[in-house]
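Notes to accompany the following structure.
Read-outs: derived from the displayed coordinates by stated rules, not from any lab. Since we're looking at a predicted model, the values are computed, not measured. Here the Cβ is made from the backbone with ideal geometry for all residues, glycine too, and neighbour counts use every protein chain on show.
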Amino acid sequence: MKNTEYLKTLILIDIKNHAADKPIYSCQLEEKYHISGTTVRDVIHHMRSVENVPICSGSKGYYYPRDRTEIQHTINHLRSRAKRNREAADGIEKYYQRSNGQLELI
């Protein structure tokens with residue numbers, strides 16, 4: 001795999017060249033840099049959460065924001081996904097607690 005810092009720089013350059021109306025797909029980054037989707041997500045997660053880079057995303061891919069509205073849209077989308085994931089985890093946990101740790105075939 002390529003040097004992580006170098007890879008982050010390349011991915012960020014690509015994302016900065018894409019706006020909300022024409023985002024770059026994860027699969028395009030995967031093909032271009034010969035990396036997995038997991039690696040793309042990990043690199044973008046690191047840039048967003050550790051380096052505070054405002055990389056936006058939607059159902060069609062990643063892009064660099066042109067205004068606050070685009071940033072807020074991504075923030076809302078990420079929080080909504082986090083809420084839905086928590087709800088799913090809670091549902092599985094309730095099943096596990098209700099079944100005393102026994103897996104029941106449904």
**Request:** Choose one of ILE75, HIS34, PRO23: the residue whose Cα lies farthest towards the positive end of the charge dipole of the chain (beta-carbon charges +1 Lys, Arg; -1 Asp, Glu; about the Cα centre).
**Result:** ILE75
**Net charge dipole size for the chain [Lys, Arg +1 and Asp, Glu -1 on Cβ; Debye, nearest 20]** = 240
**Request:** Post the alpha-carbon centroid distance, segment 76-101 to segment 9-23, in whole angstrom.
**Result:** 33
**Message:** Between GLU93, GLU70, GLU30, where does the largest GNM mean-square fluctuation fall for the chain, given springs only between Cα atoms within less than 10 Å?
**Reply:** GLU93
**Efficiency of FRET between ALA82 and THR38 - r from beta-carbon atoms, R0 22 angstrom, step 0.05** = 0.75
**Item:** Positive-end residue of GLY91, HIS46, ILE13, charge dipole of the chain with Cβ unit charges
**Value:** GLY91
**Item:** Potential lengthening between ILE75 and LYS60 on full extension [0.36 nm per residue; Cα-Cα distance subtracted]
**Value:** 3.8 nm
**Message:** Compute the helix-to-body angle for 37-49: its Cα long axis versus the longest principal axis of the chain, expressed 0 to 90° and rounded to tens.
**Reply:** 80
**Item:** Computed helical MRE - 222 nm, the chain, DSSP H runs ≥ 4 contributing -39500 (n - 2.57), nearest 500
**Value:** -20500 deg cm²/dmol
